[in-house]
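First up is the structure itself, then whatever we jot down about it.
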Amino acid sequence: MAWAEHVCNTRVHAETGQTPIQRFTSHGPLHAVEPSLLREAFRWSVMRRVTSTASVSLTGNRYAVDEALIGRRVELRFDPEDLTRLDVYWEGHPAGQAIPFILGRHVHRQVPQAQPSTTPSAPTGVDYLGLVLAAHDAETLGQLAFRDLPVLQPRNGRTEDHQVEENHQP
C-alpha cells in the first residue's frame, strides 16, 4: 500500500500526462460493478462440436450436453480456475450447462500455477520496499499531535482527564 500511494500513483504517466490516481478519479464518482457482470467479463470461451453421444471435451475432460445439440458447434464459457461448471451457448443463446462425467483436470492448463521456490535469492542489502515504507511513514505518521486532539469539556469544574488520573492514583 505504501508503494502504491508513495511511488506508483504519484508518477506522471508519459502517455496520459496524468498520475494513475488522477486518471482513475477524473471520471466522476466510483461505483461498484455487479459481481455477476464482473465474473462474466473474465470467463474464457471456446468453440466445440457436440459429438454423436451428446458430449464435448475440454482439456481432456468430457462433459454431457443437451441431445438437441448433437452435431452443432457450441460455445463453452467457463472460469479457467473451475472446470466443473461450463455454460453452453448455441448461436449466442444459452443452451444449458455441460455436466462433467470424466473430469481429470479442475483447472485449465494455461492458468499459471504457483511454483515452489527451490533456492532463495541472495540478499542484495537494499530493502527498496523498506525505504518506500519509511518515506511513507515519515509523511503520514506523526502528523496528529497532542495539540490537535479535542479539548475535553469540564464537568463540575474538573476535566475528565483529571478525573481519570485521580481515580488511578494509589
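The values are calculated or read from the model by the stated rules, or taken from the named source; none is laboratory data. None of the values given here were measured: they were computed from a predicted structure. All Cβ positions, even for glycine, are placed from backbone atoms using ideal geometry, and neighbour counts span all protein chains on display. These accessible areas exclude ligands, DNA and RNA; they are computed on the full protein's heavy atoms, side chains included. Shrake-Rupley method; radii C 1.70, N 1.55, O 1.52, S 1.80 Å.
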* When you go through (1) part of a helix (DSSP H, G or I); (2) without any contact (Cβ under 8 Å) to a residue 12 or more places away in the chain one by one for G17, which number turns out not to apply? -> (1)
* Structure fact -> Scanning the stretch 58-83 for residues that are in a strand (DSSP E or B), loosely packed, with under 14 Cβ neighbours inside 10 Å and modelled with pLDDT under 95 gives D82
* Inside the stretch 1-20, can you point out the residues that are among the aliphatic types (A, V, I, L, M), open to solvent by 90 Å² or more (accessible area, probe 1.4 Å) and either touching a Lys or Arg at 6+ places or on another chain (Cβ under 7 Å) or closer than 20 Å to A135 by Cβ (or both)? -> M1, V12
* To do: Sort through R48, R39, R23 and tell me the only one that's part of a strand (DSSP E or B) and either in contact with a strand residue (DSSP E or B) (Cβ under 7 Å, 6 or more places away or on another chain) or open to solvent by 60 Å² or more (accessible area, probe 1.4 Å) (or both).
  => R48
* Asked: Are there any pairs with C-beta distances below 8 angstrom linking a residue in the stretch 92-103 that is closer than 15 Å to I70 by Cα to a residue that is in a strand (DSSP E or B) and open to solvent by 60 Å² or more (accessible area, probe 1.4 Å), with the two at least 6 apart or on different chains, and if so which?
  -> Q97/R85
* Asked: Residues of the stretch 67-106 being β-branched (V, I, T) and closer than 15 Å to V46 by Cβ, which ones?
  -> V74, V88
* Hey, does the stretch 118-138 have a residue that's assigned to a loop (DSSP other than H, G, I, E, B) and surrounded by 11 or more Cβ atoms within 10 Å (Cβ to Cβ)? -> yes
